[in-house]
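Engineer: Quick one: the structure is below, questions incoming.
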Amino acid sequence: MENTIVVAVKGVIVHKGKVLIVKRAADDVGGGTWECVGGKIDFGEQLETALIREIEEEVGLTITVEKILYATTFNTDPTRQVVILTYLCRCDSEAVILSEEHSEYLWATSKKMKAMLAPGIVTDFEKYDVFKLEGLH
């Protein structure tokens, strides 16, 4: 079987001191888990362009990308590796319109994120000081 590398972008979307997290739809890969919004880049697409597109598609928000927070990689199976670039984003609205990919959303405090996000995401957020971002509740 051929090895595959997938590149994805995620947004830590901050609004009024909280971060938007979404719950994957039950019938999706990783169904029922909470995560930040984002997805795979298309061939030839710029990273920030992909992030803006994915966030618009998945939650209907227009965002401003501020900076990259961290990059990480892991294998989802023996032949598939995922590289995720996570960015700090801001938005002016909390009016989320969910796509079919997610069943719920929450504007979460740091405490809620620690309780609800997948353990691997919490570990990365702690390692890269995401919970210590200025202005987070």
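The numbers here are math on the coordinates, done by the rules we state, and not lab data. Just so you know, these numbers come straight off a predicted model, no measurement behind them. A quick note on method: Cβ atoms are made from the backbone with ideal geometry, for glycine too, and the neighbour counts reach across all protein chains shown.
Engineer: Quick check for me: using +1 on Lys/Arg Cβ and -1 on Asp/Glu Cβ, what's the dipole size of the chain about its Cα centre, in debye to the nearest 20?
Structural biologist: That gives the chain a dipole magnitude of about 660 debye.
Engineer: Let me ask something else about it. Looking at the chain only, what percent of DSSP beta bridges run antiparallel? Nearest 5 please.
Structural biologist: Counting only bridges with both partners in the chain, antiparallel ones make up about 70 percent.
Engineer: Where Lys and Arg each count +1 and Asp and Glu each count -1, what net charge lies around Glu35 among other residues with Cβ under 13 Å from its Cβ?
Structural biologist: So the surrounding residues net to -3.
Engineer: Moving to a separate point now. To make sure I understand, if each residue's beta carbon is the centre and we count other beta carbons within 10 Å, what order do Phe43, Phe131 fall in, fewest to most?
Structural biologist: Fewest-to-most ranking of Phe43, Phe131: Phe43, Phe131.
Engineer: Could you give the longest part of the chain that holds none of the GluC sites (Glu not before Pro) found in DSSP loops with at most 10 neighbouring Cβ atoms within 10 Å?
Structural biologist: No qualifying site falls inside 3-99, the longest such stretch.
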